[in-house]
1. Only bridges with both residues in the chain count here: give the DSSP antiparallel percent, nearest 5.
2. Which is farthest toward the positive dipole end of the chain among Ala27, Phe241, Leu115, measuring Cα position about the Cα centre, with Cβ charges +1 (Lys, Arg) and -1 (Asp, Glu)?
3. Less than 16 Å from a label point 7 Å out along the Cα-to-Cβ axis of Lys79: which backbone N atoms in the stretch 91-132 qualify, by residue?
4. Out of residues 5 or more away from Ala283 or on other chains, whose amide H comes under 5 Å of its own, with H placed 1.01 Å from N in the peptide plane?
5. Just to verify a number: FRET efficiency for Arg23 and Lys268, C-beta to C-beta distance, R0 = 45 Å, to 0.05?
6. Any idea what the dipole of the chain comes to, in debye rounded to 20, about its Cα centre with Lys/Arg Cβ at +1 and Asp/Glu Cβ at -1?
7. Can you tell me the relative contact order of the chain? Whole percent, Cα pairs under 8 Å, sequence separation 6 or more.
8. Rounded to the nearest 20 debye, what is the charge dipole size of the stretch 1-157 about its Cα centre when +1 sits on each Lys and Arg Cβ and -1 on each Asp and Glu Cβ?
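Laboratory data are not the source of any read-out in this text; all were calculated from the coordinates shown. The structure presented is a predicted model; accordingly, all values stated were derived computationally and were not measured. Cβ placement follows ideal geometry from the backbone for every residue including glycine, while neighbour counts extend to all protein chains displayed.
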Amino acid sequence: MKIVYSDKHAQHDPQTFIVRGVRQRSAEQPERATRLLAAATNAKHEVIAPKAHGTAPAETVHTPEYIDFLQTAATEWAKLPGASAEVVPNMHPARAHASYPKALAGRAGWHQVDLACPIGPHTWEAALASSESAATAADLVLDGAREAYALCRPPGHHAYADMAGGFCFLNNTAIAAQRLRAAHQRVAILDVDVHHGNGTQGIFYERSDVLTVSIHADPMNYYPYYWGHAHETGAGKGQGFNLNLPQPIGSGDAPWLAAGDSALARIKAFAPTALVVALGLDASESDPLQGLKVTGAGFHAMAGKIAGLGLPTVLVQEGGYLSDDLGQNLVRFLSGFEAGR
Ligand SMILES: [Zn+2]
């Protein structure tokens, strides 16, 4: 399988992450991509570089003011007296009746939904390259490949049209889906990351041409808390075109794969002609975030089921944090996918 990868991700190494009020190093570290790449290369997958698309793919799902913010925030922040190395907001608007301010501190709070998406000096370059990897993988599929995998870092599925969050800046999965729309009337997204794909859901929530389905740890007790509940089914024209399948914390292979069957049944009923898989590997039993307990065999089996749809598919890397199994879980998923074709 072709793997699209850029080493520009390594320039983004977020230092700020607040857990129960304590500042820690972020779990979203460059080493993640290094391990995923090494495992995929060992498994003889072919690695290619993304094409230079610039901001065009990102502009199809994000607002101009948000892209401008991501592009300029770190430079402007560095000019502020006493500023930290990373852009971290200190207030967030409840957006109802709020106005968009000029001050960078205010814009940061507007565009950064939590404290898990600090913007460093080269975050923009990394996020842009990540989005270009997703766009390039989508182009491979548009050009006739049955599948392609974008090794995206930073990840994207928590990013809304104008909000970063949860380690995510540009929504690579949404960018790939929107790109596939050029040749496909209906595109489905299946998100198997342990966290709900809230940004992706938000981007397509009022649309009926992109079905969003997410299997994740129950947000009643897990990030992103406010989104990912079963009653969120879409709105307006998109009513009925969003399916959330929250799982009890700690669930293992059997319920996770059963949720996969429910997801695939909904996708079949939608009858898409292309698919994007938001491939988080953090549902692993070995993942430090410990939301679900999926095994390597579970990833392999889920991939086989998804491949059985027979759809042109773009696989987009989302979460999955440092553990001894991280690289191997990717390889198990990719081999399961190829076996299921
Ligand atoms: Zn995740």
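1. 15 percent
2. Phe241
3. Backbone N within reach: 102-108.
4. Correct list: Val194.
5. With R0 = 45 Å, the Cβ-Cβ based efficiency is 0.45.
6. 340 debye
7. Numbers: 812 pairs, mean separation 60.4, N = 341.
Relative contact order, the chain: 18 percent.
8. Working: 15 positive and 16 negative charges, 88 e Å.
That gives the stretch 1-157 a dipole magnitude of about 420 debye.
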